[in-house]
Structure formats: structure tokens, C-alpha cells
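Trainee: Attaching a single structure in C-alpha cells format; questions to follow.
The values are calculated or read from the model by the stated rules, or taken from the named source; none is laboratory data. Note that the coordinates shown come from a computational prediction; the quantities given were computed from them, not determined experimentally. Neighbour counts are summed over all protein chains in view; Cβ atoms, including those assigned to glycine, are modelled from backbone coordinates with ideal geometry. Only protein heavy atoms, including side chains, enter the accessible area calculation; ligands, DNA and RNA are left aside. Shrake-Rupley method; radii C 1.70, N 1.55, O 1.52, S 1.80 Å.
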Amino acid sequence: MKKTILLTGGAGYIGSHTAVALIESGYDVVIADNLCNSSKQAVERVGKITGTTPKFYEIDVRDKESLSKVFEENNIDSVIHFAGLKAVGESVKKPVAYYRNNLDATLTLLECMEKGNCNNIVFSSSATVYGEENPIPYEETMPRGACSSPYGWTKAFTEQILIDASKADPELSVVLLRYFNPIGAHSSGLIGEDPNGIPNNLMPYISQVAVGKRDSLTVFGGDYDTPDGTCRRDFIHVCDLAEGHVKAVGYCEEHKGSEIFNLGTGTPYSVLEIINAFEKVNDIKINYTIGNRREGDLPQFWANAEKAQNILGWSAKKTIDDMCKDTWKWQSTNPDGYEK
Ligand code: NAD
Ligand code: WQD
């Protein structure tokens, strides 16, 4: 029988790509999302790509009554918990809203899972939990560090909540996925990243300059102690990341306790290397200037990606050129993102 996976926040950027990967791997997918940072069109387009539109609940995951109903109406085998607010800068300005949303969502979900007899949860954590103190590349055995934002702390706290819950309940299986820097889009150009307002992240900013929505990109700092003076990150194609979730769900269903996996490529690229790759593969000039450093940015970090390779049998396959090409396909065919 087909297994059913609930994706909280499944209408969002990573959730929608994961929905495609799960459906293509033979799972049934149910999505619960309040659309606070996404569009129902993403769910419909998952249907266009795969031929199967996921069952969709427009609910706030913190609303216990509504979420309980999702478990009552569906035989949920596992949950992938994407739902959360994710803008680092906004979290500094609105810490309480971030803690309220991201922590409450997890607590309510855990209560509903217990009531609904669902024992498997995969959580969207972030490389940001390694903090500033750890040496690079980051390994899962390293202690969590001091996070640079309330957003980061919501990830660190949620990890701890889930680890504690799994210690207390021998039936519970928890997989914590620490994403590095997801970019790119599905190669169909039908789904992709659709940020509200001015993009905070590098790739959506580059693609909005390319499509003419923004005049110029500011590179935040050209005087770092890195090979070309700009920051370096472990950029990972969102479809590779989505495949990592399929493997993680399989692992989660077969194990108990908690396990942490980095989802990264293991190879860093600099901001200038990304701009150059985007220009070359898409034959478009990106206007940019080198500006001041952005507060809170680390010079460079990337993943040790061996654990996911050894235990999940997963590794990233797509290249920087794929990431730049697929981002442009999405942005150029949907210049204003999903229709509002
Ligand atoms: P996203 O904003 O596109 O998706 C998150 C989804 O959660 C959105 O569709 C939003 O509407 C929904 N949501 C938020 N709060 C909700 C609530 N209370 N109830 C119901 N739905 C709610 O973001 P994304 O990039 O797809 O990220 C998914 C997850 O991965 C997030 O938890 C994010 O923090 C985490 N993450 C993202 C990145 C990244 O760079 N994109 C990196 C590391 C971790
Ligand atoms: C990448 C590089 C910037 C924009 C963030 C979160 C992290 C995770 C992923 C959720 C940096 C530079 C950017 C611009 C630039 N998200 N840059 N000009 O900061 O590595 O990670 O997203 O968990 O928690 O912090 O990603 O894409 O913002 O920046 O020069 O206009 O691009 O300085 O060096 P970051 P990013």
C-alpha cells in the first residue's frame, strides 16, 4: 500500500519541490499550509508536473483542531515539517512572532501526531545552528553553536524539542535535516522560489536583476579572507535537496530515536562565482557593485556531506550551472512569481 506523507508548509519553496520528488517516488502527499509565504498555485503546479495534485488543507499548523482533523481524515505515516517563518532579518525585528510561530507549530504538530498515532517526523533545520564557533566544514557531531538570529534559535530550540520528545517516546523517530543554501528550481520552470518584496537571499536577487525587476545587486563585502574576497557558501540545488527528503523519510520510517544529517554538496562557491556562472550559462549580464559587509554574515561555511552519503545513500548531483539555468527558467517564465 502507498504510504502517505504530510508536508506542513508544503506549498512553500522546498516543500513544493519535495512534494514532486515524493509523488514521483510513489508516495501519497498531503499538504497543510496557511499560505502566509506561498501560493496555492504551487500545489496545483505540483499536480501539473506529476499528474497528481496533493490533497491540500489551508490551515495554520498551530490550530490544533484543524490539524487534528488532517490526521483523522488521512492515514499519515510520516510528517515532513517545513512550516515556519524563515526571514533572518525580519526575525531580528520580530523575535516574538518568530518564536511564537515556529515553536508553537512544532509543539502543536507533536501533540497531533501523538493523538493521530504518527511516529515519524523529518524536520527542516538549518546550517545556521552550527553558529560561529565551529570549524569548517561542519560535521553533525559538532555541538550547536550560538545562532546569529532569533530565526536560527528557533531551529536550534526545535531540534532540542524533537530530540527530547524522541528520548521520552521510544516509538518516535526524528530526523533533523540541516540544509545549507538551497537555490534553483524544478527544470520544468513551473515551480520555484517566490519571495515577497525585496529578496533577502542571493539567488532570487540575482534572478530579479536578470529579469529587470531590480537595477543592480549589491555584493555584501569584497574584503573577506576568502579566495576572491567574497563570502563562500554551500549552494545546493533544491531538487537534490528534495531527493534527500525522500531518502530521509525512508530512513525515518525504519529507525527510532533521533538522527541529524547535513544536506549540502560539500563544495563551497563564492558570491562572485555564482554571479559569473549565472551570466555565462544564461548569457545575461548582471549589474552589481561591491558594497559593505552584511551584519551577521560568516565569511564561509560548507557541509561535510559524508554522513548523508554513507547512511542515506544520498548525495547532491546537480552542478552550479544547473542551479543557475533552472533558476533562470523559473524566473524568466514567471517574472512576477506565482499570480497574486
Ligand atoms: P517557505 O517560506 O517557502 O515555506 C514555508 C512554508 O510554511 C510557507 O508555505 C508558509 O506559508 C508556511 N507556514 C509558515 N508558518 C506556518 C504555519 N504556522 N502554519 C502553516 N503553514 C505555515 O520556505 P522554504 O524555503 O521552503 O523553507 C522551508 C523550511 O526549511 C522552513 O522551515 C525554513 O526555515 C527551512 N530552511 C530553509 C532554508 C532556505 O534557505 N530556504 C534553509 C534552511 C532551512
Ligand atoms: C549568501 C551570500 C551574502 C544577498 C541564509 C540564512 C540561512 C539559510 C539560508 C534558512 C552571503 C551574499 C546575499 C545579496 C549578497 N536559511 N549576498 N547580496 O545568508 O548564507 O543564509 O539563507 O535557514 O539560515 O541565513 O544566504 O542567500 O542570504 O547569502 O552579496 O543581495 O550572498 O552576503 O555571503 P545566507 P544568502
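Trainee: Between segment 228-264 and segment 28-51, how many Å separate their Cα centres?
Mentor: Here the two parts' Cα centres lie 21 Å apart.
Trainee: Between residue 90 and residue 24, what FRET efficiency follows from the Cβ-Cβ distance if R0 is 41 Å, with the result rounded to 0.05?
Mentor: 0.75
Trainee: Let me ask another. At residue 289 and residue 200, where each label point lies 7 Å from the Cα along Cα→Cβ, what is the point-to-point distance in nanometres?
Mentor: According to this spin-label approximation, the distance is 2.4 nm.
Trainee: Per residue of the chain, what 222 nm ellipticity follows from adding -39500 (n - 2.57) for every DSSP H run with n ≥ 4, rounded to the nearest 500?
Mentor: Here the helix-only value at 222 nm equals -12000 deg cm²/dmol.
Trainee: Given a 1.4 Å probe and every protein chain left where it sits, what share in percent of the accessible area of segment 121-186 is carbon and sulfur?
Mentor: Here it works out to 56 percent.
Trainee: Sticking with this one: Just check segment 267-340 against the gyration tensor rule for me: Cα atoms, a ≥ b ≥ c as the square roots of the eigenvalues, rounded for a/c under 1.5, and otherwise prolate or oblate depending on whether a/b exceeds b/c.
Mentor: Oblate, since a/c reaches 1.5 and b/c is not below a/b.
Trainee: To continue, here is another question. Count the lysine pairs in segment 217-322 whose Cα atoms lie under 27 Å apart, taking only pairs 8 or more positions apart in sequence or on different chains.
Mentor: 11
Trainee: Now for a different question. Specify whether the C-alpha gyration tensor of segment 184-270 places it in the rounded, prolate or oblate class, a ≥ b ≥ c being the square roots of the eigenvalues: rounded for a/c under 1.5, otherwise prolate if a/b is larger than b/c and oblate if not.
Mentor: Taking the square roots of the gyration eigenvalues as a ≥ b ≥ c, segment 184-270 is oblate.
Trainee: Kindly rank 320-333, 35-48 from highest to lowest mean number of other beta carbons found within 10 Å of each residue.
Mentor: 320-333, 35-48
Trainee: Quick check: the distance between the Cα centres of segment 162-216 and segment 91-142, to the nearest angstrom?
Mentor: Cα centroid of segment 162-216 versus Cα centroid of segment 91-142: 14 Å apart.
Trainee: All other residues with a Cβ under 13 Å from the Cβ of residue 192 taken together, and with Lys, Arg as +1 and Asp, Glu as -1, what is their net charge?
Mentor: -1
Trainee: Now for a separate question. Hey, can you find the accessible area per residue of the chain for me, probe 1.4 Å, expressed in square angstrom?
Mentor: Each residue of the chain exposes 44 Å² on average to a 1.4 Å probe.
Trainee: Oh, and also: Each residue of segment 254-261 in turn: what ³J(HN,Hα) in whole Hz from Karplus with 6.51, -1.76, 1.60 and θ = phi - 60°, glycine and Pro shown as x?
Mentor: So the Karplus estimates, Gly and Pro as x, are 9, 10, 10, x, 10, 9, 10, 10 Hz.
Trainee: Continuing with this model, one more query. What does the C-alpha gyration tensor say about the overall shape of the chain? Classify as rounded when a/c is under 1.5, otherwise prolate if a/b is larger than b/c, or oblate.
Mentor: prolate
Trainee: Residue-wise, which Karplus ³J(HN,Hα) couplings in Hz belong to segment 284-293, taking 6.51 cos²θ - 1.76 cosθ + 1.60, θ = phi - 60°, and x for glycine or proline?
Mentor: With coefficients 6.51, -1.76 and 1.60, one gets 9, 8, 9, 6, 8, 10, 8, x, 6, 5 Hz.
Trainee: Moving on. Please enumerate, by chain and number, the lysines with C-alpha under 24 Å from the C-alpha of residue 64, excluding those fewer than 8 residues away in the same chain.
Mentor: 3, 40, 55, 86, 94, 115, 155, 167
Trainee: While we're on this one: Give me the percent of the accessible area of segment 33-120 that comes from carbon and sulfur atoms, probe 1.4 Å, all protein chains in place.
Mentor: 47 percent
Trainee: Which net charge results for the neighbourhood of residue 52, defined as the other residues with beta-carbon distances under 15 angstrom from its beta-carbon, given Lys and Arg at +1 and Asp and Glu at -1?
Mentor: That sum, taken over residues with Cβ under 15 Å, equals +2.
Trainee: If you take the beta carbon distance between residue 225 and residue 63 as r and set R0 to 35 Å, what does 1/(1 + (r/R0)^6) give as a FRET efficiency, to the nearest 0.05?
Mentor: Working from the Cβ atoms, E equals 0.15.
Trainee: What aspartates and glutamates sit close enough to residue 2 to cross-link, taking a C-alpha to C-alpha distance under 13 Å and skipping anything fewer than 8 places away on the same chain?
Mentor: Within the straight-line limit of under 13 Å, residue 2 reaches these aspartates and glutamates: 24, 28, 77.
Trainee: How far, in degrees from 0 to 90, does helix 64-73 lean away from the longest principal axis of the Cα atoms of the chain, to the nearest 10?
Mentor: With rounding to tens, the tilt is 70 degrees.
Trainee: So who's got an amide H within less than 5 Å of the one on residue 122, skipping anything under 5 residues away but keeping other chains? H placed 1.01 Å off N, in plane.
Mentor: Residues meeting the criterion, in which the H sits 1.01 Å from N, are 79, 80, 81, 175.
Trainee: Assuming 0.36 nm per residue, please report the length gained on full extension of the stretch residue 218 to residue 97 beyond their Cα-Cα distance.
Mentor: Roughly 40.7 nm would be gained on extension.
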